[in-house]
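Worksheet for the structure shown next.
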Amino acid sequence: MSGICRVYVWIRLPDGKSCPLGEVATQMDEEGGRIQWQFRYADDWLDHPGGFNIDPANLAWVSGPQDAGRATEGIHSVFEDALPDGWGR
């Protein structure tokens, strides 16, 4: 698919090491002009002995893409604070 933007998410562990956490992918919906968001946990994180679900209320602890499922807000709620607010946009 063309027009996909991927952001790789890493996590810093208490011991100071970093581990790939997952990937956020976005794509513009050709029909409605809206952005579709998906998150996928990295296999390394799912297999990590200290791994945990970063958003248990909205993400499953599984491999494979997970839609944001938030029609008006867009991105997964766990990533919202990393984005600029309305003034910053």
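The values are calculated or read from the model by the stated rules, or taken from the named source; none is laboratory data. Remember, predicted model here, so these are calculated numbers, not experimental data. Glycine gets a Cβ as well: all are built from the backbone with ideal geometry, and neighbour counts include every protein chain shown.
Annotations for the structure displayed:
- Picking from residues in segment 14-69 that are assigned to a loop (DSSP other than H, G, I, E, B) and among the basic types (Lys, Arg), the one that is farthest from residue 4 (Cα to Cα) is 17.
- Residue selected from segment 28-69 under the condition over 22 Å from residue 11 (Cβ atoms) and in contact with a Ser or Thr (Cβ under 9 Å, 6 or more places away or on another chain), by the criterion modelled with the lowest pLDDT: 35
- When residues of segment 1-27 are limited to those that are of a type in the set (Ser, Thr, Tyr) and under 18 Å from residue 65 (Cα atoms), the one modelled with the lowest pLDDT: 2
- Here is the figure for segment 27-54: residues that are free of Cβ contacts under 8 Å to residues at least 24 places away in the same chain and under 10 Å from the mean Cα position of the chain (by Cα) total 1.
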